[in-house]
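Take a look at the structure set out below.
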Amino acid sequence: MSERPAPDFTLSATGNQSITLSALRGRKVVIYFYPKDNTPGCTNETRDFATLHAAFAEASCKIFGISRDSLKSHENFKAKLALPFELISDPDEAACEAFGVMKLKNMYGKQVRGIERSTFLIDSAGNIAREWRGVKVAGHAEEVLAAARGL
């Protein structure tokens with residue numbers, strides 16, 4: 001368990017909101033970074049978190065998804081999946097860089113810079129309690145929920 005403070009950020013989110021991470025102290029927060037709206041893995045991961053949203057809420061835990069997609073793309077993705085939580089837009093990669101999730105990846109034989117699917121569980125004091133990098137989607141949301149319940 002690491003006990004380092006989560007990097008703070010203020011970014012625009014769906015629902016005409018601005019999310020400041022440090023303003024959420026006193027609650028547990030799950031932030032999952034994903035590569036792109038409306039792609040199969042990201043859709044499945046987001047659906048899994050949405051399905052477990054009530055259980056996360058019972059554990060006093062808020063969920064936010066972050067990618068580099070525009071707010072317009074996020075609003076459409078949120079509406080399409082009827083998400084019960086907000087998606088944060090990070091077009092300038094401020095949070096992505098702060099959390100160290102930008103990686104060089106091979107796509108169709110070319111090196112491209114993109115988001116490595118990663119999740120961070122932040123405790124009520126604002127520290128990173130757990131982190132998952134290079135996430136495989138299947139069973140991931142359940143694992144994060146178990147960790148959140150254990151805090």
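In nm, give the distance between the simple-model label positions of ALA94 and SER12, each being 7 Å from the Cα along the Cα-to-Cβ direction.
Placing both labels 7 Å along Cα→Cβ, they lie 1.2 nm apart.
Could you report the accessible area of ASP123 in Å², rounded to 10, computed with a 1.4 Å probe on the protein chains as they sit in the structure?
20
Within 10 Å of each candidate Cβ there may be at most 10 other Cβ atoms; applying that plus a DSSP loop requirement, which GluC sites (Glu not before Pro) in segment 1-72 survive?
GLU3
In percent, what relative contact order does the chain have, based on Cα pairs under 8 Å that are 6 or more apart in sequence?
It comes to 32 percent, rounded to a whole number.
Working with all protein chains in place, sort HIS53, HIS140 by solvent-accessible area computed with a 1.4 Å probe, largest first.
Largest accessible area first, the residues go HIS53, HIS140.
Of the labelled options (i) 9, 31, 23, 22, 12, 3; (ii) 11, 44, 38, 6, 0; (iii) 11, 34, 36, 16, 3, 0, which one gives P(r) over Cα pairs in 10 Å bins from 0, in percent as computed for this structure?
Matching entry in (i) 9, 31, 23, 22, 12, 3; (ii) 11, 44, 38, 6, 0; (iii) 11, 34, 36, 16, 3, 0: (ii).
Among ALA138, TYR34, ALA98, which residue has its Cα positioned farthest towards the positive end of the charge dipole of the chain, with +1 placed on the Cβ of Lys and Arg, -1 on the Cβ of Asp and Glu, and the dipole taken about the Cα centre?
With unit charges placed on the Cβ atoms, the residue in question is ALA138.
Modelled label-to-label distance, ARG133 and TYR108, 7 Å Cα→beta-carbon offset: nm?
Going by the 7 Å Cα→Cβ label model, 2.8 nm.
Give me the aspartates and glutamates in straight-line cross-link reach of LYS80: C-alpha distance below 17 Å, same-chain residues under 8 apart excluded.
ASP37, GLU45, ASP48, ASP69
Hey, got the dipole for the chain? About the Cα centre, +1 on K and R Cβ, -1 on D and E Cβ, debye to the nearest 20?
That gives a dipole near 260 debye.
What do you get for trypsin sites (Lys or Arg not before Pro) in segment 92-151 restricted to DSSP loop and a cutoff of at most 13 other Cβ within 10 Å of the site's Cβ?
Hits after loop and neighbour filter: LYS136.
Take every Cα-Cα distance within segment 43-109, group them into 5 Å bins from 0 onward, and report for each bin the whole-number percent of pairs it holds.
4, 15, 22, 20, 20, 14, 4, 1, 0
What value, in deg cm²/dmol to 500, does the helix sum -39500 (n - 2.57) over DSSP H runs of n ≥ 4 give at 222 nm once divided by the residues of the chain?
The helix-only estimate for the chain comes to -8000 deg cm²/dmol at 222 nm.
The values are calculated or read from the model by the stated rules, or taken from the named source; none is laboratory data. Values in this document were obtained by computation on a predicted structure and should not be read as measured data. Counting neighbours? That spans all protein chains shown, and the Cβs are built from the backbone with ideal geometry, glycine included. Calculation scope for accessible area: heavy atoms of the full protein, side chains included, ligands and nucleic acids excluded. Shrake-Rupley method; radii C 1.70, N 1.55, O 1.52, S 1.80 Å.
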